[in-house]
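The structure appears right after this line, and notes come after that.
The values are calculated or read from the model by the stated rules, or taken from the named source; none is laboratory data. Being a predicted model, the structure only gives us computed values, none of them experimental. Methodologically, a virtual Cβ is constructed for each residue, glycine included, from the backbone with ideal geometry; neighbour enumeration extends over all protein chains shown. When the accessible area is computed, the model is the full protein with side chains, heavy atoms only, and any ligands, DNA or RNA have been set aside. Shrake-Rupley method; radii C 1.70, N 1.55, O 1.52, S 1.80 Å.
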Amino acid sequence: MALAVLKIALTGGPGSGKSTVARMFRELGAEVLDADEVARAVVAPGTPAWEELRREFGPEFFLADGSLHRAKMADLVFRDAEARRRLNAILHPAITKELGRRLKKLAARGAALVIVEVPLLFEAGLEKKYDKIIVVTAEEAQQQERLSGRDRRPRGEAWGIIQAQWPLATKKAGADYVVDNRGSLAATRAQVKNLWQELQLLLDKESEKS
């Protein structure tokens, strides 16, 4: 009988470095699922979530090829809490279902531990669905700088994105593990390597119980 997959959530704030940490885990051999990538997949033209978004928000939030106008939608939901609630009510169930499908697929392939990058883990109330939680932290000024540089967003807009999510201090309080991404990439990589070793030990302990 196959062991259940050990599910590890990886979260943090916008611009805290979640994707960088996820990439480091991949380099160490971890199976990693990206909830943002899943979010794009579940709103592909013709999917049930895509149909629901068109009914809820109207065709003006879609591009000529039918795909979701992500920048326009982001601009709306980071300014309007009610619109954000409506969007999340459509997206979160679809993302959760697709993540579950992908986790089952990985388990069938023999994966024993999967790291799932979930930006809105706490905001969506999904923390209980995971065995352990990793939170990536950074200074607020670093978050703003990274959002402005990576996405070329004005600093005011970057600030709004940060404020739309739970404070990093609150997320950190709900973490089992914390990766401090305020320093150099080398320092972050060293933390990730140590944490990966800890997770392997945890996996061994879970295997012994079964």
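R0 = 35 Å: FRET efficiency of Ala169 with Asp65, Cβ-based, nearest 0.05?
Efficiency computed from Cβ-Cβ geometry: 0.30.
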task = For region 15-115, just say rounded, prolate or oblate: build the C-alpha gyration tensor, square-root its eigenvalues into a ≥ b ≥ c, call rounded for a/c under 1.5, and beyond that prolate if a/b exceeds b/c, oblate if not.
result = prolate
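Tell me what the chain gives for mean residue ellipticity at 222 nm when only DSSP H runs of n ≥ 4 count, each as -39,500 (n - 2.57), the sum divided by the residue total, rounded to 500 deg cm²/dmol.
Counting only the DSSP helices, I get -17500 deg cm²/dmol.
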key: Shape category assigned to the chain from the gyration tensor of Cα positions, a/c cut at 1.5   = oblate
note = GNM on the chain, Cα springs under 10 Å; top mean-square fluctuation among Arg109, Arg85, Arg101 goes to Arg109
key: For Val116, distant residues with modelled amide H under 5 Å away   = Ile8, Ala9, Leu10, Leu33
task = Kindly report the accessible area of the chain per residue (heavy atoms of protein chains, probe 1.4 Å, no ligands, DNA or RNA), in Å².
result = 54
message = On C-alpha positions alone, give me the angle between the axis of helix 48-57 and the longest principal axis of the chain, in degrees, nearest 10.
response = 40
query = Using 0.36 nm per residue, how much length does the chain from Glu123 to Arg189 gain when fully extended, once their Cα-Cα distance is taken away?
reply = 21.1 nm
task = Tell me the label-point distance for the pair Arg182, Arg85, using the 7 Å Cα-to-Cβ offset, in nm and rounded to one decimal.
result = 3.5
message = I'd like the orientation of helix 185-209 relative to the chain: the angle between its Cα long axis and the longest Cα principal axis, in ° from 0 to 90, rounded to 10.
response = 60
request  = Could you tell me what percent of the accessible area of region 1-98 is made up of carbon and sulfur, with a 1.4 Å probe and every protein chain present?
outcome  = 54
key: Nearest 10 degrees, 0 to 90: helix 140-151 Cα axis against the chain principal axis   = 60
task = Could you state how much accessible area Thr96 has, in square angstrom rounded to the nearest 10, with a 1.4 Å probe and all protein chains kept in place?
result = 50
key: Given charges at beta-carbon only (K, R positive; D, E negative), |dipole| of the chain in Debye   = 200
request  = Among DSSP beta bridges whose residues both lie in the chain, state the antiparallel percentage, nearest 5.
outcome  = 5
message = Can you tell me which of Gln197, Gln165, Gln144 moves the most in a GNM of the chain? Springs connect C-alpha atoms under 10 Å apart.
response = Gln197
